[in-house]
Amino acid sequence: ERGYSFTTSVDIMPRDLLRPSAKDERRKYKLKRLVQSPNSFFMDVKCPGCYSITTCFSHAQTVVLCAGCSVMLCQPTGGKARLTEGCSFRHKYD
């Protein structure tokens with residue numbers, strides 16, 4: 001009786017294609033994700049002066065002003081809107 005030793009070499013992929021990490025999914029283009037989702041969102045922005053909350057779009061194309069004190073909350077760029085220094089925000093979910 002001969003003693004055979006079978007070694008199985010299983011090549012392990014560096015990434016799991018069926019279950020990608022959230023970090024990898026966020027980095028992908030919005031249409032190339034497993035589940036397509038937009039990069040934009042609505043957010044509540046708090047004014048640093050009067051502490052009133054204004055809802056604005058993350059990719060706003062116009063200047064957003066505070067309704068209470070007329071301070072500029074965010075200004076448009078080519079993509080996402082840039083928040084003014086001192087403003088805080090949170091994502092607005094369904």
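For this structure, a couple of remarks:
- Summed residue charge, Cβ within 14 Å of V71's Cβ, Lys/Arg positive, Asp/Glu negative: 0
- Set of lysines with alpha-carbon distance to K30 below 17 Å, sequence-local pairs under 8 removed: K80
- Rounded to whole Hz, the Karplus (6.51, -1.76, 1.60) HN-Hα couplings of segment 63-69, x for glycine and proline: 5, 9, 10, 6, 5, x, 10
- Accessible area of the chain belonging to carbon and sulfur atoms, whole % at 1.4 Å probe: 54
- Dipole magnitude of the chain about its Cα centre (Cβ charges: Lys, Arg +1; Asp, Glu -1), debye to nearest 20: 160
- Judged by the mean number of other Cβ atoms found within 10 Å, the most tightly packed of the peptides 76-89, 17-30 leads the ranking 76-89, 17-30.
- Each Lys or Arg adds one and each Asp or Glu takes one away; over the other residues whose Cβ falls under 13 Å from the Cβ of S21, this sums to +4.
- Accessible surface computed residue by residue for the chain, with neighbouring protein chains in place and a 1.4 Å probe, gives 86 Å² per residue.
- Here the simple spin-label model places points 7 Å from the Cα toward Cβ, and for K23 and T55 these points are separated by 3.4 nm.
The values are calculated or read from the model by the stated rules, or taken from the named source; none is laboratory data. Just so you know, these numbers come straight off a predicted model, no measurement behind them. Ideal geometry is used to build each Cβ from the backbone, glycine not excepted, and the neighbour counts take in all protein chains shown. Protein only, heavy atoms only, side chains kept; ligands, DNA and RNA dropped before computing areas. Shrake-Rupley method; radii C 1.70, N 1.55, O 1.52, S 1.80 Å.
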